[in-house]
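Working notes, structure below.
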Amino acid sequence: MLSEIYLTCFFIGAIYSAISFILGGIFDFLDFDFELPDFLDIFHIELPHVDAALPIKPFIIVAFVTVFGGVGSILLLTDFFQANQIFSLPIAIISAFLASTFLYKAVYLKLLKMATTVKKQADAVGLRAKVLETIIPGGYGRISYSIDNNILSAAAKELIPGEGIKKGASVLISDIKENIFYVTLISD
């Protein structure tokens, strides 16, 4: 009985992960964005506020279920746990909890931080920046800018191609396209 629960959990997690990976790739390729709250606005439905700091995310739940099923199934391959199946349950639960906690902290929080950086990147248009690496004529360089007390750097190019911009010069961030900051020289 317990072996069927483990296998079911493992296969549900693995199949869900595979489908998510495939659909995510297809949607990225097609540049398709679907935002559920915007869709629900059509019907004037308001979702209750959920604190985004809760570690209960679909990604974490699937990780927990998959690891729980996988570890439980592996444990039941041994003679000891086949004879005493109930002892595999706490080990599978603890392993799944540790794995999902690790994934939450090592993957999810880092992705969340990256999404925050992208948002900050969009807010950078109109800010002053300093050239870290000379922007060569018709080419690229690197700038440094500050937003929300964070110092960030990015690849930069002249908005209007000219003679380039030397290291240390002050520039204005005029536009951002495909993670390239387009800047104009500010005369101090």
A correct Stokes-Einstein calculation for region 55-188, using the alpha-carbon Kirkwood radius, 4 °C and 1.567 mPa s, returns a whole-number D in µm² s⁻¹ of 71
Once phi for every residue in region 121-130 is put through the Karplus expression 6.51 cos²θ - 1.76 cosθ + 1.60 (θ = phi - 60°), the whole-Hz ³J(HN,Hα) values, with Gly and Pro written as x, are 4, 5, 6, 7, 4, x, 8, 7, 9, 10
Here the FRET efficiency for Ala122 versus Leu30, based on Cβ atoms and R0 = 22 Å and rounded to 0.05, is 0.45
Heavy-atom accessible area of Phe59, protein chains in place, probe 1.4 angstrom, given in Å² to nearest 10, is 90
In this structure, among Lys57/Lys157; Lys130/Lys177; Lys110/Lys166; Lys113/Lys157; Lys110/Lys177, pairs with alpha-carbon gaps over 30 Å are Lys57/Lys157; Lys110/Lys166
The size of the Cβ-based charge dipole (Lys, Arg +1; Asp, Glu -1) of region 78-181 about the Cα centre, to the nearest 20 debye, is 300
About its Cα centre, region 120-188 carries a charge dipole, from +1 on Lys and Arg Cβ atoms and -1 on Asp and Glu Cβ atoms, whose size in debye to the nearest 20 is 140
For Val62, the accessible surface traced by a 1.4 Å probe with all protein chains present amounts, in square angstrom to the nearest 10, to 20
Counting sequence-distant residues (5 or more places) and residues on other chains, those with an amide H built under 5 Å from that of Ala169 are Val131
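The values are calculated or read from the model by the stated rules, or taken from the named source; none is laboratory data. Values in this document were obtained by computation on a predicted structure and should not be read as measured data. Every residue, glycine as well, gets a Cβ built from its backbone with ideal geometry; the counts of neighbours run over all protein chains shown. Note: accessible area is taken over every heavy atom of the protein model, side chains too, but ligands, DNA and RNA are not part of it. Shrake-Rupley method; radii C 1.70, N 1.55, O 1.52, S 1.80 Å.
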